[in-house]
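Visitor: To start, I am sharing the structure in question, which I have written as structure tokens.
Since every read-out is calculated from the coordinates, none of them should be taken as a lab result. Model, not experiment: these values are computed from the prediction. Reconstructed Cβ throughout: ideal geometry from the backbone, glycine too, with neighbour counts over all protein chains shown.
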Amino acid sequence: MPPLTMVRAFEAVGRTASMRRAAADLGVCHTVVSRHVRNLEGWLGARLVESGPRGVVLTDEGRAFHRTVAAAFDLIAEATRELKPARARGLLRLWCVPGLAARWLAPRLADLQAALPEVEIVLKATTERPDFAHHEADAEIRYAAGPDAVGRSVLLERSRLFPVASPAWVAARAPVTRLADLEQQRLIHEESRDQWRRWFEATGHRPLGDLAGPRLWYASSALDAAGAGQGVALATRLQAADDIVAGRLVELLETEVDLGGYWFVAPEARWSDPVLARFRTWLARSVAETRGGETKRPAARA
């Protein structure tokens, strides 16, 4: 058999279609992964991967070999999980959209730990989806319009989306009383301007300009900038709740826009796992207890 370190590196490359993502997955440098794959090709005497415009592509021989080794690692992982004592399995690996992870979940980790005292919590803030089949995560919290076919899901909250700014920013400018006033302000975007465009469309207002403003990629960064007096950002109730209660952010206008909600997703086979069941209970209670920005409001004027 070839050395398993080389096979493990190749399996990660085939699964992620990237040397760098495989390296991040394994916790090593990407040059180490590349060297392992080259050494495996030399050991087998076959070309397994090729570089393409969209990343690493497996050859025909690579795809055939990857199917086998991926299945083998899945069997090892499942066998390990079955053999480990229940207490040793006290681990919750959660992937969560960054805005909610940073602004709502992270400040409540102590409360979550008290609810799951024997469980080690590993939180990854990311917009990527975990591969449950390869045990990348135990569950995820995503923001979406509805459930999808990945695992089993339950809606945590259908979230109103509304504009927020710092009290100092509001006090330094003419009052924003209409949607037409709002589009003239310095709008803070996430990865693109699409979210603000869709938000204005949902209000029934068609902006005349291009909605200029900085793009900061993640909601948490956008809200940090808004809190620092840099402009107006969009926030959900859960994202902005603590800042609104503390007076760091205030809501602008009176709008009722819903572009999606927060969904808890987990593998169907593990849905009844005691740790996941207790975590869902904690989530439902904590979401219900969260204050700030929760009042239903009528539509704003154009």
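Visitor: Just subtract the alpha-carbon distance of V154 and E50 from 0.36 nm times their residue separation and send over the number in nm, one decimal.
Guide: Fully extending the segment from V154 to E50 adds 33.4 nm.
Visitor: Looking at the chain, do any whole DSSP H helices span at least 30 angstrom along their long axis by alpha carbon and average -1.0 or above on Kyte-Doolittle, and which?
Guide: 60-83
Visitor: Let me ask something else. What list of ³J(HN,Hα) values in whole Hz, one per residue of region 127-132 in order, does the Karplus curve 6.51 cos²θ - 1.76 cosθ + 1.60 (θ = phi - 60°) give from phi, with Gly and Pro shown as x?
Guide: Values per residue, Gly and Pro as x: 8, 6, 9, x, 8, 5 Hz.
Visitor: Relative contact order of the chain: what whole-number percent is it, with Cα pairs under 8 angstrom and at least 6 residues apart?
Guide: Rounded, it is 20 percent for the chain.
Visitor: Under the definition of Cα pairs under 8 Å and six or more residues apart, what whole-number percent is the relative contact order of region 1-51?
Guide: Once normalised by length, the contact order is 36 percent.
Visitor: Roughly what would the spin-label model give for L4 and R291, points 7 Å off Cα along C-beta, in nm?
Guide: For the pair L4/R291, the computed spacing is 5.4 nm.
Visitor: Here is a further query. Taking 7 Å along the Cα-to-C-beta vector as the label spot, tell me the S192-A71 distance in nanometres, rounded to one decimal.
Guide: In this crude label model, S192 to A71 measures out at 3.9 nm.
Visitor: To continue, here is another question. Using label points projected 7 Å from each Cα along Cα→Cβ, tell me how many nm separate R278 and A114, to one decimal.
Guide: Rounded to a tenth, the inter-label distance reads 1.5 nm.
Visitor: Which trypsin sites (Lys or Arg not before Pro) in region 1-75 sit in a loop by DSSP (not H, G, I, E or B) and have at most 15 other Cβ atoms within 10 Å of their own Cβ?
Guide: The qualifying sites are R47, R54.
Visitor: Looking only at the chain, where both bridge partners belong to it, what percent of the DSSP beta bridges are antiparallel (to the nearest 5)?
Guide: The antiparallel proportion sits near 70 percent.
Visitor: Relative contact order (percent) for region 1-134, with alpha-carbon contacts under 8 angstrom and 6 or more residues of separation?
Guide: Relative contact order for region 1-134 comes out at 18 percent.
Visitor: Rounded to the nearest 0.05, what FRET efficiency do A180 and A246 give with R0 = 25 Å and r taken as the Cβ-Cβ distance? Could you check?
Guide: Once rounded, the FRET efficiency stands at 0.25.
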